Amino acid sequence: MTVPVRIDTAVQTGCLEPQVADFFSDDRAAGTVVGTCAAGGAVRLGCDVERQIAIDHGALRFQPLITPGWQRQGIAYGPFRRQAGLVMAVSITNGHNTSQSSPIPEHILKRFHRWAVGPDTDPWPRRLVAWARAPRKKATLRRFLWWIRSTSRTYKLPNHNENLAIGWFTNEAPKNPLIDGCGFVMHAAEGENGELWTRVGNRCLSAFRQLKNIEIHYLIALRESGAVYYAAAMEGAHGMAAVPMMRPIAIDPFNSDALVYAGVHQCVLGQIGFRVDTRVHAIQIQRLEDFARPFGTAHAGDSLTENDNVGDMAKLGGIWRALHGNIHRTVAGALTRDDHAMAILDAGASSGLVHVLVDTGQAAAAAGLVWRGCDRENFWLLKVSAEGCDLLRVEQGVETAVASDKRHRLKPNSTHSLQVLDAHGQIGCYLDGDRLFDRWFESEFLEDATCVGIWLNGGGTRLRDFEAHPREVGVPSEMQFDAPWARFGEEVEYADDFVGVPSGLAGRAPSKGTHSWERTLGVGFVDVDGMGAARVRGTKESPDPGRSLYTLPWDQSEFADLEVTITPPGSARGQRHYCRAGLVFWQDDANYLTFTAYLDDAYHGASIALFTKRHDFEELYDAVWTMLWKKIDWGKPFQLRIVFDGERFVVFVDGEPVLQRRLTDIYPDDPRLSITRVGLATNWEWGTDTGSVFSAFTARR
């Protein structure tokens, strides 16, 4: 099962011209991709030890490994000589941002039993017959082998919590991307889904958590030393700028690898025996002048290495204003002889990424970054010294200590990276890539202020290479990707406010629409109270009996836009209340999709999961989900909206896109789903519902 792929790299002895555009338009069977050429002639390097890399439907496919680890699955191009402005851009839908490798939690016989009975909607003999007739038996046998090797007795590998790496590395198959090159790394944050890391020096900077399972565009621009990281997604995505804009994520000022490979590498896919594929939609590599110039996309910057006072014109961003003391620029960086000195620039817009290099002398004095500044009496200040780090908020001249960190300090005779990330309502502070204060901060204070700057308090400490980037910059026109798909219905076909005569949902006519609700599957009940709520008939003592689908006829088979508000039962964790409510797209009893919430005492964090029944067989362990942390909580209404065209879907929770896929990402050979009915779903997912409430259902076409 693990046959190494022999790669002929004879043609790669020299360095490539920095231009690659691989849109994966050539279908390739699993195990035959590495060594082939992209449309422009660039050779696809990398590793495919288990022969699980394929190309289909215009995207590269990484399928789950039986033996997880780095140097087993990845695609690469190169080598390239480092040069300022060399940019790599990748459009990718990671299989699961919280993928991790660990033993399966239950006994292997219990796992096989659950696979056989599935979600308890069909008798197991019917399921086995349907499986025998379905087209995916080979994948099932590979899954069984994976499980057998992943029991508490047989699993001997380390637990991997980092699953994906994208960037510039020193090898076409890097041994450990966490300590190699300039790249993004996806860390599994469990209930918070994905945590986006970037390489900074010899650390991984944690930019933010709760990155959902949607298509992301990553861009990494090399500099003579280090790199700048950017990312984008569809509008409303957590932590991301909306295409055609992108968010500056972090700066690495240190890495100096002279020869690099551009690569995308997968360590592990899936979680506790569930599987899902990664899809790489495009990889582009070019040298771009806009990223080669000093400070790249910054709107304020200064090398601070001129022989004059700060108070003169900065390299970028206008004139320095000295608010306290005097700061002198020298060939080795800016310094002050005063006890307290601060200068600011007005960048003209709010800054989302502010960075400076701190060079310490024999005795490290304090230094800092100023941002969200208005004047000498209103600003934020991140201060670092040999004693520790402090985050300060200054309002009307009154200084408030927000946080203190004594574990991270300036070291004598060292160069440190100090940076602040401030976007999407979240502030992160970092020294040499380490997040300070063990937390992020949320504050609206001076959120729209536009001044940034530097702070010093004497001694031998010098600052250089100061820069501030906007919260959003444009995706370069030379590397435009297709915008992530989303389509919204314009005409309301059905609407139900569940007001009127109390009754069961089956047989009820919605408030708008020409047909009545029917119970299409299952034996559970939903009761309409006549006052705006349709409640699942379930309690802690007597939960809903399992999957039940209540639907309405649908005559636009190629598209539906469904929306409903759901209130999970109970009011807090520990009350033994569970939510398994959601929406359904139905073709027939052999082909349908359910999208339902999972909220349970058993796991710290909620999710939305897709369960797919095709060809009369539902592969339970092919469920596709995204963790939502506390976006779904007991007793708190949330809005679930799903747009689906029979092939592509996007799931929104309270307006945020949280899950995005094509059905062919899951099963490449399956036809589109023809939508004939739509409606409400309650589900079995290791437990059933105890009384969730539906309200405000709408179906648009």
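The values are calculated or read from the model by the stated rules, or taken from the named source; none is laboratory data. From a predicted model like this one, the values you see are computed outputs, not experimental measurements. Positions of Cβ are generated from backbone atoms using ideal geometry, with glycine treated the same way; all protein chains shown enter the neighbour counts. These accessible areas exclude ligands, DNA and RNA; they are computed on the full protein's heavy atoms, side chains included. Shrake-Rupley method; radii C 1.70, N 1.55, O 1.52, S 1.80 Å.
Is segment 394-409 home to any residue that is closer than 16 Å to Arg464 by Cα and under 31 Å from the mean Cα position of the chain (by Cα)? Break it down into steps so the answer makes sense when it comes.
The initial filter retains those residues of segment 394-409 that are closer than 16 Å to Arg464 by Cα, namely none.
No, segment 394-409 contains no residue that is closer than 16 Å to Arg464 by Cα and under 31 Å from the mean Cα position of the chain (by Cα).
Looking only at segment 255-273, count how many residues are within 16 Å of Pro177 (Cβ to Cβ) and in a loop (DSSP other than H, G, I, E, B).
Looking only at that region, the number is 5.
Sort out which residues of segment 72-123 are among the hydroxyl-bearing types (Ser, Thr, Tyr), out of contact with any Pro (no Cβ under 7 Å at 6 or more places or on another chain) and more than 25 Å from Gly546 (Cβ to Cβ), and write them in order of number. First the steps, then the outcome.
Looking only at segment 72-123, we keep the residues that are among the hydroxyl-bearing types (Ser, Thr, Tyr), and these are 77, 91, 93, 98-99, 101-102, 121.
Cutting the leftovers down to out of contact with any Pro (no Cβ under 7 Å at 6 or more places or on another chain) gives us 77, 91, 93, 98-99, 102, 121.
Answer for segment 72-123, where residues must be among the hydroxyl-bearing types (Ser, Thr, Tyr), out of contact with any Pro (no Cβ under 7 Å at 6 or more places or on another chain) and more than 25 Å from Gly546 (Cβ to Cβ): Tyr77, Ser91, Thr93, Thr98, Ser99, Ser102.
Restricting attention to strands (runs of 3 or more DSSP E) lying wholly within segment 55-117, give those where 1 or more residues are open to solvent by 10 Å² or more (accessible area, probe 1.4 Å). If you could, list the steps in order and put the result at the bottom.
Numbers: elements: 59-62, 73-81, 86-93.
Hits in segment 55-117: 73-81.
If we keep just the residues of segment 415-442 that are part of a loop (DSSP other than H, G, I, E, B) and modelled with pLDDT of 95 or more, which is farthest from Ala242 (Cα to Cα)?
Taking segment 415-442 first, the residues part of a loop (DSSP other than H, G, I, E, B) are 424-425, 432-433, 439-440, 442.
After this cut, where a residue has to be modelled with pLDDT of 95 or more as well, the list is 432-433, 439-440, 442.
Values: Asp432: 28, Gly433: 25, Arg439: 25, Trp440: 22, Glu442: 21 Å.
Per the stated criteria, the residue is Asp432.
Here is a check on your reading of the model: is Arg464 in contact with a strand residue (DSSP E or B) (Cβ under 8 Å, 6 or more places away or on another chain) and closer than 21 Å to Leu583 by Cα? Reasoning before the result, please.
Details: in contact with a strand residue (DSSP E or B) (Cβ under 8 Å, 6 or more places away or on another chain): yes; closer than 21 Å to Leu583 by Cα: no.
No.
Taking Gln660, is it under 27 Å from the mean Cα position of the chain (by Cα), surrounded by fewer than 20 Cβ atoms within 10 Å (Cβ to Cβ) and in a strand (DSSP E or B)? Give the derivation first.
On the way: under 27 Å from the mean Cα position of the chain (by Cα): yes; surrounded by fewer than 20 Cβ atoms within 10 Å (Cβ to Cβ): no; in a strand (DSSP E or B): yes.
Criteria not met by Gln660.
Criterion first (at positive phi, part of a loop (DSSP other than H, G, I, E, B) and touching a residue at least 12 places away in the same chain (Cβ under 8 Å)) does Arg672 satisfy it?
Working: at positive phi: no; part of a loop (DSSP other than H, G, I, E, B): yes; touching a residue at least 12 places away in the same chain (Cβ under 8 Å): yes.
Spelling it out, it is not the case that Arg672 is at positive phi, part of a loop (DSSP other than H, G, I, E, B) and touching a residue at least 12 places away in the same chain (Cβ under 8 Å).
Can you name the condition, by its number, that Asn255 falls short on among (1) open to solvent by 10 Å² or more (accessible area, probe 1.4 Å); (2) closer than 30 Å to Glu442 by Cβ?
(2)
Name the residue that is nearest to the chain's Cα centre (by Cα), counting only residues in segment 644-653 that are assigned to a loop (DSSP other than H, G, I, E, B) and of a type outside the set (Gly, Ala, Ser). Walk me through it before giving the result.
In the first step, residues of segment 644-653 are kept if they are assigned to a loop (DSSP other than H, G, I, E, B); the result is 645-647.
Filter again for of a type outside the set (Gly, Ala, Ser), leaving 645, 647.
Working: Asp645: 23, Glu647: 22 Å.
Ranking the candidates gives Glu647 first.
Just one of the numbered conditions (1) more than 24 Å from His299 (Cβ to Cβ); (2) open to solvent by less than 10 Å² (accessible area, probe 1.4 Å); (3) within 30 Å of the chain's Cα centre (by Cα); (4) in contact (Cβ under 8 Å) with a residue 60 or more places away in the chain is not true of Leu436; which one?
If we test Leu436 against (1) more than 24 Å from His299 (Cβ to Cβ); (2) open to solvent by less than 10 Å² (accessible area, probe 1.4 Å); (3) within 30 Å of the chain's Cα centre (by Cα); (4) in contact (Cβ under 8 Å) with a residue 60 or more places away in the chain, just (4) comes out false.
Looking only at residues in segment 604-641 that are more than 20 Å from the chain's Cα centre (by Cα) and open to solvent by 30 Å² or more (accessible area, probe 1.4 Å), which one is nearest to Ala139 (Cα to Cα)?
Filtering segment 604-641 for residues that are more than 20 Å from the chain's Cα centre (by Cα) and open to solvent by 30 Å² or more (accessible area, probe 1.4 Å), the one nearest to Ala139 (Cα to Cα) comes out as His615.
With the requirement that a residue be within 26 Å of Asp122 (Cα to Cα) and either of a type in the set (Gly, Ala, Ser) or not in a strand (DSSP E or B) (or both), what does segment 603-643 give you?
Hits for segment 603-643 are Ser607, Ala609, His615, Asp616, Glu619, Leu620, Tyr621, Asp622, Ala623.
Six or more apart or on different chains, Cβ atoms under 9 Å: show the pairs whose first residue is in segment 513-527 and farther than 19 Å from Pro545 by Cα and whose second is among the hydrophobic types (A, V, I, L, M, F, W, C) and open to solvent by 30 Å² or more (accessible area, probe 1.4 Å).
Gly513/Val492; His515/Ala509; Ser516/Ala506; Ser516/Ala509; Trp517/Ala506; Trp517/Ala509
Would a scan of segment 514-527 turn up a residue that is among the aliphatic types (A, V, I, L, M), open to solvent by 20 Å² or more (accessible area, probe 1.4 Å), at negative phi and outside the structural domain of Leu345 (by the TED database)?
Yes - at least one qualifying residue is present in segment 514-527.
Within segment 43-54, take every residue that is assigned to a strand (DSSP E or B) and of a type in the set (A, V, I, L, M) and give me the one that is farthest from Ala173 (Cα to Cα).
To start, the set of residues in segment 43-54 that are assigned to a strand (DSSP E or B) comprises 43, 45-48, 53-54.
So of that shortlist, the ones also of a type in the set (A, V, I, L, M) come out as 43, 45, 53-54.
Working: Val43: 14, Leu45: 9, Ile53: 14, Ala54: 17 Å.
Among those residues, the one meeting the criterion is Ala54.
How about segment 248-279: which of its residues are aromatic (Phe, Trp, Tyr) and farther than 30 Å from His355 by Cα? Outline the logic, then answer.
If we filter segment 248-279 for residues that are aromatic (Phe, Trp, Tyr), which is where we start, we get 254, 261, 274.
Phe274 - this is the single residue of segment 248-279 that is aromatic (Phe, Trp, Tyr) and farther than 30 Å from His355 by Cα.
Within segment 124-133, is there a residue that is among the charged types (D, E, K, R) and either part of a loop (DSSP other than H, G, I, E, B) or under 26 Å from Gly194 (Cβ atoms) (or both)? Don't jump to the end; show me each part of the working.
Here is the first cut: in segment 124-133, the ones among the charged types (D, E, K, R) are 126-127, 133.
Right, trim to either part of a loop (DSSP other than H, G, I, E, B) or under 26 Å from Gly194 (Cβ atoms) (or both) and you get none.
The answer is no, given that none of the residues of segment 124-133 is among the charged types (D, E, K, R) and either part of a loop (DSSP other than H, G, I, E, B) or under 26 Å from Gly194 (Cβ atoms) (or both).
Please specify each residue of segment 135-158 satisfying the condition of being open to solvent by less than 70 Å² (accessible area, probe 1.4 Å), of a type in the set (Lys, Arg) and in a loop (DSSP other than H, G, I, E, B).
Arg136
Return the pair list, or none, for Cβ contacts closer than 8 Å from residues in segment 632-645 that are at positive phi to residues that are crowded, with 18+ Cβ neighbours inside 10 Å and of a type outside the set (Gly, Ala, Ser), at least 6 apart or on different chains.
That search, which allows pairs on different chains as well, returns Gly635/Thr567; Gly635/Pro568; Gly635/Pro569.
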